[in-house]
Amino acid sequence: MPKCPQCGKEVNCLRNFALCWSEHKFTVSDDGLPPYAPSDNIVMSDPVENEYTCPECDATLFKSEAEALAFMKS
Ligand SMILES: [Zn+2]
């Protein structure tokens, strides 16, 4: 299992944050506010804006899928 270069802990996954646009159904409920539905639909994502962080220490380790893949296979 690869070890995080920041905290030294073994990790079996990374946390991937991706910049994307999501679609929500917009309505107004009885209290006059829109209900924020948890279900959403990703309609567009930016393949360039990606961050891969350590699940143990939250350090940003990589910004490309290729680097993250190489790390996970190490
Ligand atoms: Zn770490």
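In this structure, is PHE62 in contact with a Leu (Cβ under 9 Å, 6 or more places away or on another chain) and aromatic (Phe, Trp, Tyr)? For PHE62, the condition - in contact with a Leu (Cβ under 9 Å, 6 or more places away or on another chain) and aromatic (Phe, Trp, Tyr) - is met. Selection of segment 29-47 for residues being loosely packed, with under 12 Cβ neighbours inside 10 Å, at pLDDT below 80 and more than 13 Å from the chain's Cα centre (by Cα) yields TYR36, ALA37, PRO38, SER39. Set side by side, the residues PHE71, PHE26 differ, and just one is surrounded by 12 or more Cβ atoms within 10 Å (Cβ to Cβ), more than 10 Å from the ligand (Cβ to nearest atom) and more than 15 Å from the chain's Cα centre (by Cα), which is PHE71.
Only strands (runs of 3 or more DSSP E) whose full extent lies in the chain are considered here, and the ones with at least 1 residues that are without any contact (Cβ under 8 Å) to a residue 40 or more places away in the chain and of a type in the set (Asp, Glu) are 15-23, 41-53.
Here PRO34 meets the list (1) touching a strand residue (DSSP E or B) at 6+ places or on another chain (Cβ under 9 Å); (2) away from the ligand (no atom under 16 Å from the Cβ) almost entirely, failing just condition (1). The set of residues in segment 5-23 that are more than 15 Å from the ligand (Cβ to nearest atom) and either over 14 Å from ALA68 (Cβ atoms) or among the acidic types (Asp, Glu) (or both) comprises LEU19, CYS20, TRP21, SER22, GLU23. When each of PRO2, PRO47 is tested for being more than 14 Å from the ligand (Cβ to nearest atom), touching a helix residue (DSSP H, G or I) at 6+ places or on another chain (Cβ under 9 Å) and not charged (D, E, K, R), the lone residue that passes is PRO47.
The values are calculated or read from the model by the stated rules, or taken from the named source; none is laboratory data. Computed from a predicted model, the values in this text were never measured in an experiment. All Cβ positions, even for glycine, are placed from backbone atoms using ideal geometry, and neighbour counts span all protein chains on display.
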